[in-house]
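The values are calculated or read from the model by the stated rules, or taken from the named source; none is laboratory data. This is a predicted model, so every value here is computed, not measured. No Cβ is skipped: glycine too gets one built from the backbone with ideal geometry, and neighbour counts run over all protein chains shown. Only protein heavy atoms, including side chains, enter the accessible area calculation; ligands, DNA and RNA are left aside. Shrake-Rupley method; radii C 1.70, N 1.55, O 1.52, S 1.80 Å.
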Amino acid sequence: MYEEIAKALLLWYKENRRSLPWRDDPSPYHVWVSEIMLQQTRVEAVKEYYRRFMDRFPDIETLAAADEDECRKVWEGLGYYSRVRNMKRAAASIVEEYGGKMPVTSAALKRLPGIGPYTSAAIASIAFGERIPAVDGNLLRVFARLALYEKEIRGREALSAAAAYFQEVMDSMPSEEGVLPKDRYFFAGNTVCACPGDINQALMDLGAMVCIPGSRPLCGQCPLRDHCLAFRNGRCSDIPVMPPKKTRRIEKRTVLIIRDGERIVLRHRPEKGLLAGMYEFPNEDGWLTEEEALEKARQYGFSPVRILPLPEAKHVFTHLEWRMRGYEIRVGDFDEMKKETGRVTDRTKEKSDSCFAVTISQMLKQYAVPNAFDAFFSSEAE
Ligand code: SF4
């Protein structure tokens, strides 16, 4: 059965595979960058970010040598900024420890910052031909339906079961002597030559295009229908069994858009925790009244001359939701204020948590501000 699944899958993939920029040249670096970007982000949205990232950081050495702020700026909009920070650290390790070449096994890749079981398996299978399933949400769902897995698909147990199932699929295929890399599969008659990475990518595509989430997978178009236990048992709409959704913690915040005629105030976030190392508009716990917001601005060292409430906004993180109110606070000239108080500084190289003022064009060019604040910046820009 497993060999039949592998063949049906590869034949389908040959005809239906998505054409994606990183697939045209699946170098280890390209696979790595695309797989990290694809976590939590739709394929269509990733294409433009991928192009921009490759224009600026075309290889591992360039990424390793890059300034961290610039990495964040190029990543801006993708969210989950710790991912790009880890990539930069991993690139530095690859340069130092492996002479700039990515390690070739999933076990060695997993030791690099930010590369976990899924990403290491994806890189090792696609770029180096290792026979290892890369189990993401798509593969979990396809597995649960094929095998009629009736437990919740979460945690190690489901991951191990899916990995074991697809390992059987991969190992069922014969390798053709003399075809490189050594783990390429080949079957004549239908002239399919593929590597283990193609089985992973075929399953990813099947999960994204046919065995889709929700109660209506497109079984009529599925190459694996004859082998699918959920289909055979009329259970496609209720498998997989999803874990209950976690409730998000709600946090109230007040965002302060502090500006003089030309410049706007930013603050550097701490290097650890949520949105680590990013730049933000000053913001405070809770919903402040106008008077409290003005007082807060004075505590930062500004002299407010006018305050204007901004429309409310919310931003959803994985386990947290910010419900935000905002104020635009006009202040006197920053340069004058600096002379008087010495507290408002232009940005210098050294990091600090203090506020600093930049022009809008400087902000857009140099500083990565999380999209959690987009609503307030749009309001500010209008
Ligand atoms: Fe998914 Fe339907 Fe194919 Fe089964 S037959 S793998 S449920 S699309």
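Residue separation of residue 238 and residue 371 scaled by 0.36 nm, minus their Cα-Cα distance, works out to 44.4 nm of gained length. For the chain, what is the Kirkwood hydrodynamic radius in Å, using each pair of distinct C-alpha atoms? By the Kirkwood definition, the hydrodynamic radius is 23.6 Å.
Simple spin-label estimate for residue 291 and residue 212 gives 5.5 nm between the two label positions (7 Å along the Cα-to-Cβ direction from each Cα). At a probe radius of 1.4 angstrom, the accessible area of segment 137-258 per residue rounds to 51 square angstrom. Among 325-332, 288-295, sorting by the average number of other beta carbon atoms lying within 10 angstrom of each residue, highest first, gives 325-332, 288-295. Look at where the Cα atoms of segment 113-147 and of segment 220-270 average out, and the two centres are 20 Å apart. Which residue fluctuates the most in the chain, going by a Gaussian network model with Cα springs under 10 Å, if the choices are 255, 305, 135? Looking only at 255, 305, 135, the largest GNM fluctuation is found for 305.
Largest GNM mean-square fluctuation among 151, 246, 296, using the chain with Cα springs under 10 Å: 246.
Over 32 Å apart at the Cα level, from the set 7/246; 73/252; 7/151; 47/88; 246/272; 47/272, are 7/246. Packing, as the average of other Cβ atoms within 10 Å across residues, places the peptides 114-123, 70-79 in the order 114-123, 70-79, highest first.
Kirkwood radius, segment 1-78, all distinct C-alpha pairs, inverse of mean reciprocal distance: 14.3 Å.
Measuring nothing but protein heavy atoms, the accessible surface of the chain at 1.4 Å probe radius is 50 percent carbon and sulfur. Solvent-accessible area of residue 237, all protein chains in place: 70 Å² (probe radius 1.4 Å, heavy atoms, ligands and nucleic acids excluded).
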